[in-house]
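Just so it is clear, none of the values below were taken in a lab; they were calculated from the coordinates. Computed from a predicted structure; not experimentally measured. In this analysis, Cβ positions are derived from the backbone assuming ideal geometry, glycine residues included, and neighbour counts consider all displayed protein chains.
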Protein chains: 2
Amino acid sequence: MEIHILRLSHRLPRDERISTHVALVARAFGADGMTYTGQHDSGLEDSIKRICNNWGGKFSVSYEKSFKKVITSYKKKGFEIIHLTMYGIPVQKMKKPEKALIIVGSEQVPSEVYRLADQNLSVTGQPHSEVAALAIALERLNGMDHEFKGKLQVLPSKSGKHVIKTSM
Amino acid sequence: MEIHILRLSHRLPRDERISTHVALVARAFGADGMTYTGQHDSGLEDSIKRICNNWGGKFSVSYEKSFKKVITSYKKKGFEIIHLTMYGIPVQKMKKPEKALIIVGSEQVPSEVYRLADQNLSVTGQPHSEVAALAIALERLNGMDHEFKGKLQVLPSKSGKHVIKTSM
């Protein structure tokens, strides 16, 4: 299925690592890319590029000023707008679409986002982490057996670290 | 079931928010507490205390210098030692114990941790986030329907924010 992530209100330096984790989770669970709003951050874009370069996949990150523009454009392309928020209904009740734009906020999410979303979904209803909420939602939508053909690949191991370098 | 988290090598200011997310995810998915090594951080401890005070539950955070001491003491109490690492075997193959100490590292995990663990498990085998890996592992072990009786409770909503203040 087609999944894109919208990360709202990225703030520097506060969200540097959290937004990086959001992007890496999105990639690992099979999303095609992430658009973020807030402060532009070439460091974030570069670090995700580096990961893709080494570990494979076509995941891309881009910046956009207006969240509304992103939501409207994905709506037009037939994507279901899913907003992850601790105030939403349980993710267990998610209606699974063919194509989804998944929105993860940082601290203050504008009320318009709640109205524009087709589904406002909560993972546990407790305060925790947009990184965790995204992983749980993506696993439900898209599983976690995605294949990446990169220069580096992990050879799963019971008690050590084994990484294969391919000739890609 | 009984679950405790061991967060390795907390660094300030770098891991402030990530370790907070780790602790909040642990709490939301029903772990009883988190021990962390690395740098002592009363800010981390206070912010989790504040969350528990408002949102309920008995989750506690404590500091310990030696990861080995924590692992040994939980082994003695009959806990299975589960280390989450991108180099491990797929979490889908997890053997589910009655009691678990779940270890999440930061960047460089000592090789001893791999040897001391009963299970080294990977969530996707790709580089992403210890916060996400923990959420996925905890959901598999412990589900995500945990009840918290706090001063604040979310009333799940399709399109807004509804929080109830109880008289606890």
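General remarks:
- Candidate lysines - alpha carbon under 17 Å from residue B:151, same-chain residues fewer than 8 apart omitted: B:49, B:58, B:161, B:165
- Among chain A residues, the one whose Cβ is nearest the axis of the rotation from A to B, given with its distance rounded to whole Å, is A:131, 2.
- Inter-copy label distances for residue B:33: 4.8 nm (label point placed 7 Å from Cα along Cα→Cβ; shortest first).
- Largest to smallest principal axis extent of the C-alpha atoms in the protein assembly as shown, angstrom: 63, 57, 34
- Pairs of C-alpha atoms in the stretch A:1-105 farther apart than 19 Å represent 43 percent of all such pairs.
- Site-free segments of chain A were taken between GluC sites (Glu not before Pro) in DSSP loops having at most 10 other Cβ atoms within 10 Å, sites themselves excluded; the longest one is A:1-97.
- Nearest 10 degrees, 0 to 90: helix B:67-76 Cα axis against chain B principal axis: 90
- In nm, spacing of pseudo-spin labels at residue A:99 and residue A:1 (7 Å Cα→C-beta vector): 1.4
- Between helix A:16-28 and chain A: long-axis angle, C-alpha atoms, 0 to 90°, nearest 10: 70
- Potential lengthening between residue B:164 and residue B:65 on full extension [0.36 nm per residue; Cα-Cα distance subtracted]: 31.7 nm
- Rounded to the nearest 0.05, the FRET efficiency derived from the C-beta distance between residue B:155 and residue B:58 at R0 = 25 Å is 0.60.
- The 3J(HN,Hα) values that the Karplus relation (6.51, -1.76, 1.60; θ = phi - 60°) gives for the stretch B:103-116 are, in residue order, 9, 10, x, 10, 5, 9, 8, x, 4, 4, 4, 4, 6, 6 Hz. Gly and Pro appear as x.
- Nearest-first distances (nm) between copies at residue B:76, label 7 Å from Cα via Cβ: 6.6
- Degrees between helix A:42-55 axis and first principal axis of chain A (Cα, 0 to 90, nearest 10): 50
- Mean per-residue shielding of peptide A:21-34 is 4, counting Cβ atoms of other chains within 10 Å of each Cβ.
- Hz values of 3J(HN,Hα) by residue in the stretch B:125-139 - Karplus curve (6.51, -1.76, 1.60), Gly and Pro given as x: x, 10, x, 8, 8, 5, 5, 5, 4, 5, 4, 5, 5, 5, 4
- With label points defined 7 Å past Cα in the direction of Cβ, position residue A:1 shows copy-to-copy spacings of 2.7 nm, given to one decimal and shortest first.
- Remark on residue A:63: its backbone amide H falls under 5 Å from those of A:36, a criterion applied only to residues 5 or more positions apart or on other chains, H modelled at 1.01 Å from N.
- Charged side chains reduced to their Cβ positions (Lys and Arg at +1, Asp and Glu at -1) give chain A a dipole of some 280 debye around its Cα centre.
- Amide H partners (placed H, <5 Å) of residue A:120, local residues excluded: A:83, A:89
- The distance linking the stretch A:54-113 with the stretch B:52-87 is 34 Å (Cα centroid to Cα centroid, whole angstrom).
- Taking θ as phi - 60° and the Karplus parameters 6.51, -1.76 and 1.60, the scalar couplings of the stretch A:153-165 work out to 9, 7, 9, x, 9, 6, 8, x, 10, 10, 10, 9, 9 Hz in sequence order, x denoting glycine and proline.
- Annotation: the antiparallel percentage among DSSP beta bridges lying fully within chain A is about 10.
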